[in-house]
Structures are given as structure tokens and as C-alpha cells.
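A.B. asks: Encoded as C-alpha cells, here's the structure I'll be asking about.
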Amino acid sequence: MKTIALLITMLISSLFAKAQEKNTTGITITVTIPNAKNDNGKMLLGLHSKETFMKAKALSSASSIIKDGKVTITFNNIPEGEYAIMVLHDENLNNRMDFELNGMPKEAYGISNNPMSYGPPQFEEGKFTVANKDLDFEIRL
């Protein structure tokens, strides 16, 4: 009987100890793009800090095929900080944005927070903070 009581006590105390552990694996960010104009090509996403936004390779990147004009992608284990997400509908599968002769993009793009801007995307318009809970975003192209 003492053995059973001891086992139950150890089990309960281990559950409390587990519940108090801090999440050290980072945050999950789920991004949904609901409005691709077609299912051609793939969707490219990049998670950027202020230092990498429009300047360098994304801190984390992902791509997905498009089904019925919609894509959902998840970034896992993201540490706390400020970030912005850039999205490109790469219709011709060349892994880059294509431009018209006048400099306008040929392919649809978007950034987190869905700002309405005329000109290149700006980090300040798309930034968000990763803190202590998972995040869900809808980015429209």
C-alpha cells in the first residue's frame, strides 16, 4: 500500500513539474493565403527580421503548392522577436519575383498585416512580435 501511495505521489509531482517547465522550443506561426488567383506554380514565404527584410536571405523559408487558390504553411520553433513575413506567388516556378519593363511586379505578393501600400514592402508595415503564444496570420495577395 505504501508503494502505491509513493508511486501516485511521484506521478502527481512529476506532472506539476512538467507543467511548470518553460516552452524552450519556440513559437509556431501558421500562415494562410486564401486568395491566389490560380493554382499555377507555388507560393514562396519568407520569415524576416528587420536586418534581413528586402536585403538578405530569409531567416526561415517555406513553399507550397496551391490548391483551390489557398495555401497554409507553418513556421515552427520561432524564437521571440520582431518579424515580418513576405509571400510571393511564383507562377512560373523560377524562385524569384518577375517584373514588367516599368518595374511593376508581374506576380502577386503580400506581407504580414496586409498593408495597402504603393511601392516596395516596408518592414515597419508588416512587423509583428513573437512572444509567448502561437500566432495565426492571413496574408492576402
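A.B. asks: Which links in Lys37/Lys67; Lys70/Lys106; Lys42/Lys133; Lys37/Lys106; Lys37/Lys127; Lys42/Lys106 stretch past 22 Å when you go from one Cα to the other?
C.D. replies: Values: Lys37/Lys67 11 Å; Lys70/Lys106 19 Å; Lys42/Lys133 29 Å; Lys37/Lys106 13 Å; Lys37/Lys127 25 Å; Lys42/Lys106 15 Å.
Beyond 22 Å between Cα atoms: Lys42/Lys133; Lys37/Lys127.
A.B. asks: Please work out the FRET efficiency for the pair Thr25 and Glu138, using the Cβ-Cβ distance as r and a Förster radius of 22 Å; give the result to the nearest 0.05. Provide the component values of the computation, followed by the final result.
C.D. replies: On the way: r = 24 Å, r/R0 = 1.11.
That pair, Thr25 with Glu138, gives E of 0.35.
A.B. asks: While we're here: Just in the range 21-126: which GluC sites (Glu not before Pro) are loop by DSSP and have at most 12 other Cβ atoms within 10 Å?
C.D. replies: Glu21, Glu51, Glu80, Glu100
A.B. asks: For a quick check: with amide H placed at 1.01 Å from N, whose amide H comes under 5 Å from Asp134's, ignoring anything fewer than 5 positions away on the same chain?
C.D. replies: Thr28
A.B. asks: Also, quick follow-up: For the range 25-138, give the magnitude of the charge dipole about the Cα centre (Cβ charges: +1 Lys/Arg, -1 Asp/Glu; no others), in debye to the nearest 20.
C.D. replies: My answer is approximately 160 debye.
A.B. asks: Continuing with this model, one more query. How about the range 30-75: which trypsin sites (Lys or Arg not before Pro) there lie in a loop by DSSP and see at most 11 other Cβ atoms within 10 Å?
C.D. replies: Details: sites: Lys37, Lys42, Lys50, Lys55, Lys57, Lys67, Lys70; in loops: Lys37, Lys50, Lys55, Lys57.
Taking the range 30-75 and a limit of 11 other Cβ atoms within 10 Å, the loop trypsin sites (Lys or Arg not before Pro) found are Lys55, Lys57.
Bear in mind these aren't lab numbers, they're just calculated from the coordinates by the rules spelled out. Just so we're clear, the structure is a prediction, and the values are computed from it rather than from any experiment. Cβ sites come from the backbone with ideal geometry, for glycine too, and all protein chains shown count toward neighbours.
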